[in-house]
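Have a look at the structure below before the remarks.
The values are calculated or read from the model by the stated rules, or taken from the named source; none is laboratory data. Bear in mind that the values here come from a model prediction, so they are computed numbers and not experimental data. Because the Cβ atoms are built from the backbone with ideal geometry, glycine has one as well, and the counts that use them run over all protein chains shown. Please note that ligands, DNA and RNA were not included when accessible areas were found on the heavy atoms of the full protein model with its side chains. Shrake-Rupley method; radii C 1.70, N 1.55, O 1.52, S 1.80 Å.
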Amino acid sequence: MSAQGVERSWCVVVPHHATGARLARHRLADELAEVVPPALLADLVAVLAELVGNAVRHADPLPGGVVRVAWRLRPTPTGPRVSIRVTDGGAVAGPLMREASPDAVDGRGLHIVSGLSTRWGVDRDGLGQSVWAEFEPNASSRPDLVTAG
């Protein structure tokens, strides 16, 4: 397994439906399994699942009833740097971290994203919103949400 080499990017379009998260997870895992460490791959898959799941549950689709999922792998001397971006049609309220009670069945997704990624944030434009997460090699601290736009 080696992340040495050239920068690579992927972009896939998945249905704005629960199956979209599964399709995106499998595609990311298939593409990155041989080039990132297993622990990082597990974090990437978990974060991608949360972001696509949130797009399906809380936001409108892009035209055509889809969500756009992109990721970029940038090799560095200390390990792979990976970014994930999920773009949807937007929602009235943007993504917010909320406090979930111990017996709540939801409300922890963005805490998972924040805990596993180095940083994450939201970009908005006239077409919708993109929620992104970045993973730095050997990152020891994970700052809170960064919002732009």
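Residue check: is R85 open to solvent by 50 Å² or more (accessible area, probe 1.4 Å), out of contact with any helix residue (DSSP H, G or I) (no Cβ under 7 Å at 6 or more places or on another chain) and not hydroxyl-bearing (S, T, Y)? Please lay out each step first, then the result.
Details: open to solvent by 50 Å² or more (accessible area, probe 1.4 Å): yes; out of contact with any helix residue (DSSP H, G or I) (no Cβ under 7 Å at 6 or more places or on another chain): yes; not hydroxyl-bearing (S, T, Y): yes.
So R85 fits the description; yes.
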Taking the stretch 39-50, which residues are in contact with a helix residue (DSSP H, G or I) (Cβ under 8 Å, 6 or more places away or on another chain) and open to solvent by 10 Å² or more (accessible area, probe 1.4 Å)? L41, D43, V45, A46, A49, E50
Check whether at least one residue in the stretch 7-23 is charged (D, E, K, R) and over 15 Å from the mean Cα position of the chain (by Cα), and report yes or no. yes
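Quick check, is V56 surrounded by 13 or more Cβ atoms within 10 Å (Cβ to Cβ), over 27 Å from V6 (Cβ atoms) and either under 15 Å from the mean Cα position of the chain (by Cα) or at pLDDT 95 or above (or both)?
Details: surrounded by 13 or more Cβ atoms within 10 Å (Cβ to Cβ): yes; over 27 Å from V6 (Cβ atoms): yes; either under 15 Å from the mean Cα position of the chain (by Cα) or at pLDDT 95 or above (or both): yes.
Yes; evaluated as a whole, the condition is true for this residue.
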Conditions (1) under 16 Å from P75 (Cα atoms); (2) of a type in the set (A, V, I, L, M, F, W, C); (3) under 16 Å from the mean Cα position of the chain (by Cα); number of the one not met by A33: (3)
What's the total number of residues in the stretch 63-75 that are open to solvent by less than 20 Å² (accessible area, probe 1.4 Å) and more than 11 Å from the chain's Cα centre (by Cα)? 2
Over the stretch 1-30, the set of residues open to solvent by less than 60 Å² (accessible area, probe 1.4 Å), within 17 Å of A70 (Cβ to Cβ) and assigned to a helix (DSSP H, G or I) is G20, A21, A24, L28, A29
Would you confirm whether or not the stretch 31-38 contains a residue that is without any contact (Cβ under 8 Å) to a residue 24 or more places away in the chain, touching a helix residue (DSSP H, G or I) at 6+ places or on another chain (Cβ under 9 Å), under 23 Å from T118 (Cβ atoms) and surrounded by fewer than 16 Cβ atoms within 10 Å (Cβ to Cβ)? yes
Only residues that are open to solvent by 20 Å² or more (accessible area, probe 1.4 Å), more than 16 Å from A93 (Cβ to Cβ) and not acidic (D, E): list them for the stretch 115-130, please. G115, L116, R119, G126, L127
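Checking the condition under 29 Å from E31 (Cα atoms) and at pLDDT 60 or above, which residue from P80, P143 passes? Write out each step before concluding.
Details: P143 fails: at pLDDT 60 or above.
Testing whether each residue is under 29 Å from E31 (Cα atoms) and at pLDDT 60 or above leaves just P80.
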Any chance the stretch 88-103 includes a residue that's under 20 Å from V12 (Cβ atoms), open to solvent by less than 90 Å² (accessible area, probe 1.4 Å), touching a Ser or Thr at 6+ places or on another chain (Cβ under 6 Å) and at pLDDT 90 or above? no
